[in-house]
């Protein structure tokens, strides 16, 4: 093959390469500045959530007080970091250690990691890697014996059938509280079910909007069954992850639960009363829905104008508002609700219910 044939074969079928110099010129024409002095050289770190940031700020304030007291310039050497670790440990109390109230190894490691992260974020200066790594091993393998730190972790407690039933009975049969709106009672019961039956976090459910829900009717064992898929775009730690956690809700469960424990029934009551379905106005309309003839399911669409509406907003005397329900406040309210019905304090933390749901614990109904 001659030279011209070889050259022709190189160009045949391939994408023509772009000159890198042309790309740089294109960037300059698009607004790229040639003066780099306007760009700061500070590292960019992950943004903290509004609920997490105060904990990091707290550790930074402790360090500032410590540095002023002991005239320390920065956390650059292990002598200063070991001393600061002891300061944090001796000023932290833990309820697990009934005798001395010493904190756990894990709690001190978490606090020191928060401090190191926040110090670097606030000062744009890196702590030497050997110091950051050594602090963790120092707490875990050396310092724990000096005070000593508490080693045992609190065992999770699960919401039992008896606890759950007592809470529902109190809400519907015993509770004579004059709610601002009777819809609040339905909301409370539904929130309890969703937290007890799914692995969703407090904020995931309390801040849920209708665009986060997908409702459909499908065939199941020859009968129509309503299913609701619940997926939050702002799940904790998964903002940039395409696969968000999903929490499916089914009309039927095996073994069959009593109606007061049917999570879908109460959620449908909220949906229908809010008038959010596009083509279904009443409970009869919903129950008469059938899958498409040519498929095994039918999407029960929302009205376009309600996609950004909250599923569980705060209530007023006139009904639902546009205000987001405070997840922390509701968690405290639910724990207080449980204490009325004799649940042990170790069970009251609503996070334990979510943990049980994630592990598929049969402690739940």
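With respect to residue 111, determine if the residue is farther than 20 Å from residue 153 by Cα and assigned to a helix (DSSP H, G or I).
The answer is no for residue 111.
What single numbered condition from (1) farther than 16 Å from residue 193 by Cβ; (2) modelled with pLDDT of 80 or more fails to hold for residue 325?
Against the list (1) farther than 16 Å from residue 193 by Cβ; (2) modelled with pLDDT of 80 or more, residue 325 comes up short only on (1).
The conditions are (1) over 15 Å from residue 86 (Cα atoms); (2) at pLDDT 90 or above, and residue 109 fails exactly one of them. Which is it?
(1)
Taking the condition surrounded by 20 or more Cβ atoms within 10 Å (Cβ to Cβ), touching a residue at least 12 places away in the same chain (Cβ under 8 Å) and either within 29 Å of the chain's Cα centre (by Cα) or in the same structural domain as residue 280 (by TED's automatic domain parsing) (or both), does residue 170 pass?
The answer is no for residue 170.
For residue 61, which of the numbered conditions (1) modelled with pLDDT under 85; (2) closer than 18 Å to residue 110 by Cα; (3) assigned to a helix (DSSP H, G or I) fails to hold?
(1)
From the list 259, 287, 267, 307, which residue is in the same structural domain as residue 216 (by TED's automatic domain parsing) and within 15 Å of residue 218 (Cα to Cα)?
None of the others qualify; the one that does is 287.
So, of the residues in segment 59-71 that are exposed (fewer than 14 other Cβ atoms within 10 Å of the Cβ) and without any contact (Cβ under 8 Å) to a residue 12 or more places away in the chain, which turns out to be nearest to residue 114 (Cα to Cα)?
So the residue we want is 61.
When you scan segment 28-48, do you find a residue that is within 27 Å of residue 144 (Cβ to Cβ) and either at pLDDT below 90 or surrounded by fewer than 16 Cβ atoms within 10 Å (Cβ to Cβ) (or both), even just one?
Taking every residue of segment 28-48 in turn, none turns out to be within 27 Å of residue 144 (Cβ to Cβ) and either at pLDDT below 90 or surrounded by fewer than 16 Cβ atoms within 10 Å (Cβ to Cβ) (or both).
What single numbered condition from (1) assigned to a helix (DSSP H, G or I); (2) crowded, with 17+ Cβ neighbours inside 10 Å; (3) under 26 Å from the mean Cα position of the chain (by Cα) fails to hold for residue 159?
Condition not satisfied by residue 159: (1).
From the list 181, 176, exactly one residue is more than 26 Å from the chain's Cα centre (by Cα), under 30 Å from residue 271 (Cα atoms), part of a loop (DSSP other than H, G, I, E, B) and free of Cβ contacts under 8 Å to residues at least 60 places away in the same chain. Which is it?
176
Would you confirm whether or not segment 87-96 contains a residue that is in contact with a strand residue (DSSP E or B) (Cβ under 9 Å, 6 or more places away or on another chain), in contact (Cβ under 8 Å) with a residue 24 or more places away in the chain and in the same structural domain as residue 141 (by TED's automatic domain parsing)?
Yes, that holds for at least one residue.
The values are calculated or read from the model by the stated rules, or taken from the named source; none is laboratory data. Bear in mind the structure is a predicted one, so any value in this text is a computation, not a measurement. Neighbour counts are summed over all protein chains in view; Cβ atoms, including those assigned to glycine, are modelled from backbone coordinates with ideal geometry.
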